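Written below as structure tokens is the structure these notes are about.
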Amino acid sequence: MKKIAVLGTGMVGNTIGTKLIELGYTVMMGSRSANNEKAQAWVAAVGEKASAGTFEDAAKFGEIIFNCTKGEASLEAIRMAGIENFTGKTVIDIANPLDFSKGMPPSLIPELSNTNSLGEEIQKLIPDGNVVKTLNIVNCEVMVDAKRSGGDPTMFLCGNKADAKEEVKTILQQFSWSDIIDLGDITTARGTEMLLPIWLRTWFATGNGYFAFKIVR
Ligand SMILES: NC(=O)c1ccc[n+]([C@@H]2O[C@H](COP(=O)([O-])OP(=O)(O)OC[C@H]3O[C@@H](n4cnc5c(N)ncnc54)[C@H](OP(=O)(O)O)[C@@H]3O)[C@@H](O)[C@H]2O)c1
């Protein structure tokens, strides 16, 4: 099994990292600092297959890399991780380009939406990495257990490299996703990132974050 890096110490990094450990992967969580408290607590909770370090330590370690950092800071986090450490690797980008500066609901960052996307900017920043945008359209507990949504929902894949998307599809299946649509190249991340405003408003309207989208066809 490939070694995996999870960049991000928030609830997404924690949930993804924990699920990967349960599945038998060896995982390093990355952060801005080597001794991040949340990362240390996660390692203590999940056991010997887990470790923690800086973004750079984790990116060097991982053969597959998850980006679970704050969307507005993802490009900076990836720069901190070292552009060369992404070469030839599948990079699973879960981040959303949200601006929380004016309160809730957050808006999409204008330069990273509509005619652009965070997924595309990450791919431009790491041209030798293989970015696959996925999972950003559900809450993190649903990410790792699609059935937690209450049904058999649809997940999208966006990315330039077919091999990388196949690798991600296998992980999605391990997360119990069975209905997976490959939307095409990384520019299709414009569409999935722009689902966030609908996700947020559905959550506010129903008070339930355990849902997902289904493409009926
Ligand atoms: N919460 C969900 O269920 C959900 C669902 C779908 C998508 N997402 C997306 O998943 C991503 C992670 O969400 P989250 O709620 O787990 O965590 P978050 O609070 O959005 O992000 C935490 C991570 O971002 C890093 N970070 C923050 N500011 C930074 C900066 N200026 N420079 C470099 N790194 C910085 C933090 O580094 P340190 O470790 O050093 O603190 C930490 O690792 C977000 O992009 C979010 O939009 C979340």
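Across the range 82-191, the volume of the C-alpha convex hull divided among the residues equals 113 Å³ per residue.
Amide hydrogen proximity for Phe156: with H placed 1.01 Å from N in the peptide plane, the residues at 5 or more positions away or on another chain lying under 5 Å are Leu135, Ile181. Evaluating 6.51 cos²θ - 1.76 cosθ + 1.60 at θ = phi - 60° for every residue in the range 91-102, the Karplus couplings come out as 10, 8, 9, 10, 6, 10, x, 9, 10, 9, 5, 10 Hz, glycine and proline recorded as x. With a simple spin-label model that places each label point 7 Å from the Cα along the Cα-to-Cβ direction, the separation between Asp99 and Glu76 comes to 1.6 nm.
Placing +1 on the Cβ of every Lys and Arg and -1 on the Cβ of every Asp and Glu, with nothing else charged, gives the chain a dipole about its Cα centre of roughly 360 debye. Across the chain, the mean sequence separation of Cα contacts (distance under 8 Å, 6 or more residues apart), normalised by length, yields a relative contact order of 17 percent.
Under a 5 Å amide H cut-off, with hydrogens placed 1.01 Å from N, Thr54 pairs with Ser31 among residues at least 5 apart or on other chains.
For the range 141-147, backbone phi angles converted through the Karplus equation (6.51, -1.76, 1.60; θ = phi - 60°) give residue-by-residue couplings of 6, 6, 3, 8, 7, 3, 5 Hz, Gly and Pro being listed as x. Near Val131, the amide H atoms lying under 5 Å from its own belong to Val91, Asn160; only residues 5 or more places off or on other chains count, and H is placed 1.01 Å from N. Counting only residues at least eight positions apart within a chain, or on another chain, the lysines with an alpha carbon under 16 Å from that of Lys161 are Lys89, Lys124, Lys133, Lys169. Evaluated on the chain, the Kirkwood hydrodynamic radius is 17.1 Å, with distances taken between all distinct Cα atoms.
For the range 1-34, the residues whose amide N sits under 17 Å from a probe point set 7 Å from the Cα of Gln40 along the beta carbon direction are 9-10, 29-34. Here's the picture: charge each Lys and Arg Cβ at +1 and each Asp and Glu Cβ at -1 in the chain, and of Ala41, Gly30, Cys140 the one pushed furthest to the positive end of that dipole is Cys140.
Per Stokes-Einstein, at 4 °C and 1.567 mPa s, what whole-number D in µm² s⁻¹ belongs to the range 108-150, with the Kirkwood radius over Cα pairs as the hydrodynamic radius? Estimated via Stokes-Einstein, D reaches 106 µm²/s.
Read-outs throughout are calculated quantities, based only on the coordinates presented, and are distinct from any laboratory measurement. For clarity, every value in this text was computed on a predicted model and none was experimentally measured. Methodologically, a virtual Cβ is constructed for each residue, glycine included, from the backbone with ideal geometry; neighbour enumeration extends over all protein chains shown.
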